[in-house]
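Okay, so here's the structure we're looking at.
Please treat every number below as a calculation from the coordinates, not as lab data. This one's a predicted model, so the numbers in the text were calculated from it and none came from an experiment. Because the Cβ atoms are built from the backbone with ideal geometry, glycine has one as well, and the counts that use them run over all protein chains shown.
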Amino acid sequence: MNAKEIVNEIKRGEKTAAGFLFECKNKIEKKEEEINAFISLDLERSIEKAKEIDKKIKEGKDVGKLAGLPIAVKDSITTSNFKTTCGSKMLEGYHPPYDSTVVSKIKEEDGIVIGKANCDEFCMGSSTETSYFGSTRNPVDEERVPGGSSGGSAASVKYGANPLALGSDTGGSVRCPASFCGVYGLKPTYGQVSRYGLIAYASSLDQIGPIANSIEGISLLFNVISGSNDMDSTKVEEERGGSQIELSLNDLNIGIPKEFYGEGVDEEVEEKVKENLDQLRDKGAKLKEISIPSMEYALSAYYIVAMSEASSNLARFDGIRYGFKQKMNDNWEKVFSQVRKTGFGEEVRRRIMLGTYALSTGYYEKYYEKALKVRTLLKRDFEKAFKEVDFIITPTMPFRAFEIDEKIEDPLSLYMADILTVPVNMAGLPSLSVPCETNGLPIGLQIIGDSFEEDRIIELARKIKEE
Amino acid sequence: MDIVIGLEVHIQLQTNTKLFCGCSTNYRDSKPNKHTCPICLGLPGSLPKLNQKALEYGIKAGLALDCNIADSMQFHRKNYFYPDLPKGFQISQYDSPLATEGTVELSNGKKIEIRRIHLEEDPGRLEHPAGKKQSYVDYNRSGVPLLEIVTEPDMSSPQEARDFLRKIREIMEYLKIFDGGLEGSLRCDANISIEGGGRAEVKNISSYKGAEKALNYEITRQKNLMRRGKEVKRETRHFNEEQGITKPSREKEEEHDYRYFPEPDLPRVTISKEKIKEIEESLPELPDEKRDRFQKEYGLSQDQAESLTTSLFLADFYEEIACQIDPELTATWVADTLKGELSYRGINLKESNIEKEDLLFILRYLKEDEITEKGAIKVMRSTLDENKKPEKIIEEENLRSISLDEISEIAKRVIKENPEAIEDYRQGKEKAVNYLVGQVMKETNGRADPGETNKLIQKQLEEID
């Protein structure tokens, strides 16, 4: 059953929210110890909340769009009811005094945040192995990573702890784990969802997105979180249509960018995606080979922008106001250094140092400015492509979930894993990872659309899944 | 030897709320960390949101200093670590500031070029209580809007620098965007060099007098080095206001790399022509304009007009009285007498007890000869010192002028009582008259008009002849 059907049953009184939560609780009790999808969980309070919603329904009162649905929220997203660690020792025990905008919106629609999902430390990783609170395991194959950085969110959806979850995506962090775990993950257009309350990794790339076990779930949660808000100045203040999108495959041109296939992409992955493309063609869509020439520089440029912004965004963690503290009697410079040395993990320190370097006098023009130019080129390449085609389809990840510890010692090969997802963030576009392998280890197919075309992307995913 | 001085002035804008959040800017009378929120504390996940009022104030300031206002501007992050800086960076502006290329005219007629004006956030404040090992941080000030005004190195003496700061204060107070009376509301850094030597950047100047003092100290220091044939190094120095000296900075500022980059959380801000025009049309009369108008409209000397326009409060005080009574008389009493009495007491007009109605009352009485000039000064002093209404003072201290008839009566008596003075007068000793006038004044407690009394006594003495 998908999230929309569950809500409808709850609203109609055919199912109680509390009853459904108990179902989820059973799965959590069975699987969570193995999977480690959550950093924090509060099932008791969640059940109380579910009972309140059931009571409202019984009394005939209005309930929200997410009435009684259990939702996992990535621990990079601030919540007043849960500590928010972002997977780091630096924020161990940090209890934010406020809710992020997306969480407020979920609460307003009677969704129930049951816990905080594990993630790579400060969202820096593609495997959820850099979390200070231990790796999350892939529910499909527990020897493998769930992907990252929103690995806990995807894994929790996959094993049934909750039908919906929130992740955040800077270079693929929603789509990668969706692909590895075999669920859906949407990275909305930059500015479509308020970032207020999302702990910033790279502000100009970060975007919060829904993860779900169904297209209906993606659509439902996306509609709730993408509403208006005035706390994020980069948020685009446009009310979305909401009307039903009609999409006819016969009118559609699907772009196949050659740079996203071939070298570096696992053969089975490519085959599987092409199989789906063939089916689309059979159903009437036109396939068209296109080119994104600046793709060549996308990964390096992405890492320069992301690390540079991260070096500044993570400067606030100094042990003075909140989070990890170091008891020592020394001048503040020494205390700061010690706090940051001890509180941050290795990958985070690496990225801060690289970013600091890239922004330094004498290097800024060489790295940061150049990376911004690549970004402009990428935007142009995609703009050009969307004049010819309606959607672009690529594999989400170049390979399937790899084994735990397989790549963690080799940061470069991990960075390479993001090659197909980062161009989308650089261009600020929306894209959805759709599971397209039903046997064995999941494979994800990525639909990239033009800005603010989330609803059309979702509709195309429906068409792909239609038998 | 040519002296070259440039200033970077920071003034706090008097908005009700902070630059990027809704917290109150009133940090001076508050408990530490009371006016804070996730945004000005830089809590993870919070985002800045530009205060439109601060932008409007910035545009006002730019227009008043004759600057070009940018069509669009960008905020940048200035990255450095300090315990009072909650995000590890300050949101400031870099290569795309709010305004550029303005001018300020000094009292000596010299024009000082403004290079740029930009908006930025104030950091929090550190406190180091005496006798304690710890320091404390108060983030109430964190996020208060600052306007940074950077001049070209156009000033050539500490007096000019001080005059520049005074002008800036006047203009900003006229715009009602700044209160120079608040402690720490104006801070500045000064660059100073003497021909042939390196440039010193003096930081931590927090007052108008301080600027002059620091610069004078620097000139002496740099000249002494040169005289002894030593090199004047290019360096950053810290001004110690209490000791009146500058010292080399402990931190090596020149090694700082602030790693400026565009603030990704704040999109470029576009400033429309209409908005600029609208603000321009709402600009009040500025000090120089008011000074010229006072001269023309009220027939004042340039000095008087200048003196009366140094603050908007003073200028309004003057003008309201001047409109109801003789403007020139009012000018003399406000610019000379009252300002003199205030500066003797070390207070300003706003802080003093005297109200417009009080001075108007005094001047009316003076004009109608109800009190003498001396009496008027007495009333003014008592109003200032005892916070009493002039009417009451005149009553209590018996200061009302005496009629000519009364004076005549007293003069008669005084002459009668001083036969030796009459004798002196007959022998041509003019001083005798002065003595007798003095006696009348004494008898009348100063209420008699000295000129009239003199005339009366002379007349009476002649009548005795």
The size of the Cβ-based charge dipole (Lys, Arg +1; Asp, Glu -1) of chain A about the Cα centre, to the nearest 20 debye, is 1200 debye
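Using a Förster radius of 51 Å, what is the FRET efficiency between B:S107 and B:K442 based on their Cβ-Cβ separation? Nearest 0.05, please.
0.70
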Tail fraction, Cα-Cα pairs, the protein assembly as shown, threshold 57 Å, whole percent: 31 percent
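Return the FRET efficiency for the residue pair B:T220, B:E420: r is the Cβ-Cβ distance, R0 is 56 Å, and the value is rounded to the nearest 0.05.
Rounded to the nearest 0.05, the efficiency is 0.35.
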Of all beta bridges DSSP finds with both residues in chain A, what is the antiparallel percent, to the nearest 5? 65 percent
With bins 10 Å wide starting at 0, give me the P(r) of the stretch B:404-464 over every alpha carbon pair, in whole percents. 25, 62, 13
Expressed in angstrom, Rg and Dmax over the Cα atoms of the stretch B:3-278 are 18.9, 59
Mind checking A:318-330 for the average number of partner chain beta-carbons within 10 Å of each residue's beta-carbon? 2
Can you compute the helix-only [θ] at 222 nm over chain A? Use -39500 (n - 2.57) per DSSP H run of at least 4 residues, normalise by all residues, nearest 500 deg cm²/dmol. -12500 deg cm²/dmol
Provide the gained length on full extension for the span A:K61 to A:E383, in nm with one decimal, where the gain is 0.36 nm per separating residue minus the Cα-Cα distance. 111.2 nm
Mean-position separation - Cα centroids, the stretch A:414-446 and the stretch A:140-174, in angstrom: 13 Å
Determine the percent antiparallel among the DSSP beta bridges restricted to the protein assembly as shown, to the nearest 5. 80 percent
Of all DSSP beta bridges in the stretch B:3-278, antiparallel share, percent nearest 5: 95 percent
Nitroxide proxy distance, nm - points 7 Å out along Cα→Cβ at B:S206 and B:Q324: 4.0 nm
Hull volume in cubic angstrom per residue (convex hull over the Cα atoms of the stretch B:154-214): 79 Å³
Taking only the C-alpha atoms, wrap a convex hull around the stretch B:198-322 and report its volume per residue in Å³ as a whole number. 232 Å³
Cβ-derived FRET efficiency at R0 41 Å, A:E52 paired with A:K283, nearest 0.05: 0.35
Provide a whole-number value for the mean count of partner chain Cβ atoms within 10 Å of the Cβ atoms in peptide B:37-43. 5
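Full extension from B:E357 to B:D29: what is 0.36 nm times the residue separation minus their Cα-Cα distance, to one decimal in nm?
115.0 nm
Residues of B:72-84, mean number of Cβ from any other protein chain within 10 Å of their own Cβ, rounded to a whole number?
Shielding by partners across B:72-84 averages 3.
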If you consider only alpha-carbon coordinates, what radius of gyration and Dmax does the stretch A:369-459 have, in Å? 15.0, 45
Links that overshoot a 22 Å alpha carbon limit, given the list A:K272/A:K463; B:K203/B:K223; A:K373/B:K275; A:K51/A:K107; B:K431/B:K459; A:K11/A:K187: A:K373/B:K275; A:K11/A:K187
Report the Cα-based extents of chain B along its three principal axes, largest first, to the nearest Å. 97, 56, 50
As a check on your grasp of the helix formula, calculate [θ] at 222 nm for chain B: sum -39500 (n - 2.57) over DSSP H runs of n ≥ 4, divide by the residue count, round to the nearest 500. -12000 deg cm²/dmol
Scan the stretch B:370-437 for GluC sites (Glu not before Pro) in coil per DSSP, keeping those whose Cβ has at most 11 other Cβ atoms within 10 Å, and list them by number. B:E430
Quick check: Cα centre of the stretch B:55-124 to Cα centre of the stretch A:1-77, how many Å? 52 Å
Farthest towards the positive end of the dipole of chain B, among B:V150, B:I177, B:L225 and with Cβ unit charges of +1 on Lys and Arg and -1 on Asp and Glu, lies the Cα of B:L225
State to the nearest 20 debye the size of the charge dipole of the protein assembly as shown about its Cα centre, where the only charges are +1 on K and R beta carbons and -1 on D and E beta carbons. 2000 debye
Relative to a virtual label point 7 Å from the Cα of A:E275 in the Cα→beta-carbon direction, which members of the stretch A:110-145 show backbone nitrogen distances below 13 Å? none
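Return the inverse of the average 1/r over all pairs of distinct C-alpha atoms in the stretch B:1-126, which is the Kirkwood hydrodynamic radius, in Å to one decimal.
16.3 Å
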For A:S291 and A:N26, compute 0.36 nm times the residue count separating them, minus their Cα-Cα distance, and round to one decimal in nm. 90.6 nm
So how far apart, in nm, are the two label points at A:E44 and B:F81 if each is 7 Å from Cα heading toward Cβ? 4.1 nm
Treating only the Cβ atoms of Lys and Arg (+1) and Asp and Glu (-1) as charged, compute the dipole magnitude of the stretch B:404-464 about its Cα centre; round to the nearest 20 debye. 120 debye
Per residue of the stretch A:316-325, what does 6.51 cos²θ - 1.76 cosθ + 1.60 with θ = phi - 60° give for ³J(HN,Hα)? Whole Hz please, x for Gly and Pro, Karplus curve as stated. 6, 7, 10, x, 8, 9, 7, x, 4, 10
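Could you give me D for chain A, from Stokes-Einstein at 10 °C and 1.306 mPa s, where the hydrodynamic radius is the Kirkwood radius over C-alpha pairs? Units µm² s⁻¹, please.
Result for D is 72 µm²/s.
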For the stretch B:3-278, with +1 on Lys and Arg beta carbons and -1 on Asp and Glu, the positive-most of B:I112, B:T236, B:I39 along the dipole: B:T236
Return the whole-Å distance between the Cα centroid of the stretch A:124-139 and the Cα centroid of the stretch B:344-358. 70 Å
Report the Stokes-Einstein translational diffusion coefficient (µm² s⁻¹, integer) for the stretch A:52-105, Rh taken as the Kirkwood radius over Cα pairs, at 20 °C with viscosity 1.002 mPa s. 166 µm²/s
Going 7 Å from the Cα of B:Y344 in the Cα-to-Cβ direction, what parts of the stretch B:421-465 have a backbone nitrogen less than 11 Å from that spot? none
How big is the stretch B:121-201 by Rg and Dmax over its Cα atoms, in Å? 16.7, 45
